[in-house]
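Here's the structure, in structure tokens; my notes come after.
The values are calculated or read from the model by the stated rules, or taken from the named source; none is laboratory data. Just so it is clear, the model here is predicted, and its values are computed rather than measured. Note: ideal-geometry Cβ built from the backbone for every residue, glycine included; neighbour counts use all protein chains shown. Accessible surface is based on the protein model in full, side chains and every heavy atom, while ligands, DNA and RNA are left aside. Shrake-Rupley method; radii C 1.70, N 1.55, O 1.52, S 1.80 Å.
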Amino acid sequence: RNMGNVILFFKMDLLGPPRVAGRILIVHDTLNQKKETRKAWTYNPGQRRVRRAPQVAFDTPGTGSDGLRTMDDYEMYNGSPERYEWKLLGKKEMYVAYNSYKLHSDKLKYKDIIQPMHYNPDYLRYELHRVWVVEANLKKGTRHIYKKRVFYLDEDSWGVIATDKYDNRDKLWRFSESFVINYYEVPCSWSTSNIHYDLQAGRYVFMYLDNEEKSTYNFDVDYPVKNFTPASLRRSGRR
């Protein structure tokens with residue numbers, strides 16, 4: 001299927017808490033964002049209206065995150081790299097979350113994992129691993145809430161496994177980590193959960209826990225493109 005410059009479609013349907021339930025976000029992400037920026041639309045159940053959402057990028061607060069992550073924090077980093085100067089610092093060894101199968105277990109309940117301030121460390125696994133270190137510094141004349149970001153890329157999968165994020169005072173502000181497992185049936189290496197810590201506020205937001213769900217990631221599903229159109233938002237929208 002020829003999708004031109006579109007590299008993926010994304011849909012998020014918020015089920016709760018009640019103050020945000022019913023909001024839906026659709027994104028058409030592009031490979032060359034200098035040529036064509038991503039397109040996004042939102043459905044607001046209170047207004048029952050579909051609107052374009054050009055702000056779904058960079059440091060706009062992430063949907064459903066209570067302001068604890070930015071849009072480009074999603075999947076550790078996504079979107080255009082244009083606001084930063086990028087520098088490869090080299091390779092190092094550090095302890096990172098890896099082979100997080102215990103965290104992925106369907107024998108766990110969410111209450112077993114989620115604790116104040118952080119996940120329950122009894123279910124987390126870390127190992128000394130080689131990572132590539134990439135530093136991103138905000139360009140002059142551009143804006144972002146993160147003045148500097150440091151990314152740690154898993155040498156084996158090339159996925160971003162952890163990030164440090166600094167504020168305008170050059171103080172470490174936020175830290176994110178990805179809990180990686182192998183999905184042997186695909187095969188691919190990907191996260192079973194991402195977590196974003198605000199170290200100054202003492203809060204965190206997490207994504208992707210599926211321990212109590214009837215089904216987890218389905219890598220074989222083939223949704224029709226029409227499911228990711230503005231018209232589909234109107235059809236699926238509800239109060």
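Some points to look at:
- Of the strands (runs of 3 or more DSSP E) contained entirely in the range 8-111, those carrying at least 2 residues that are surrounded by fewer than 18 Cβ atoms within 10 Å (Cβ to Cβ) fall at 39-44, 49-52, 84-97.
- Set 193, 215: member being of a type in the set (Ser, Thr, Tyr), open to solvent by less than 50 Å² (accessible area, probe 1.4 Å) and either at pLDDT 95 or above or farther than 22 Å from residue 165 by Cα (or both): 193
- Boolean, residue 153 is assigned to a loop (DSSP other than H, G, I, E, B) and surrounded by 11 or more Cβ atoms within 10 Å (Cβ to Cβ): no
- Among the residues making up the range 134-148, none is closer than 16 Å to residue 177 by Cα and more than 19 Å from the chain's Cα centre (by Cα).
- For residue 164, the conditions (1) without any contact (Cβ under 8 Å) to a residue 24 or more places away in the chain; (2) open to solvent by 40 Å² or more (accessible area, probe 1.4 Å) are fulfilled apart from (2).
- Qualifying residues in the range 117-137 (those that are part of a strand (DSSP E or B) and in contact with an Asp or Glu (Cβ under 8 Å, 6 or more places away or on another chain)) - the one surrounded by the fewest Cβ atoms within 10 Å (Cβ to Cβ): 128
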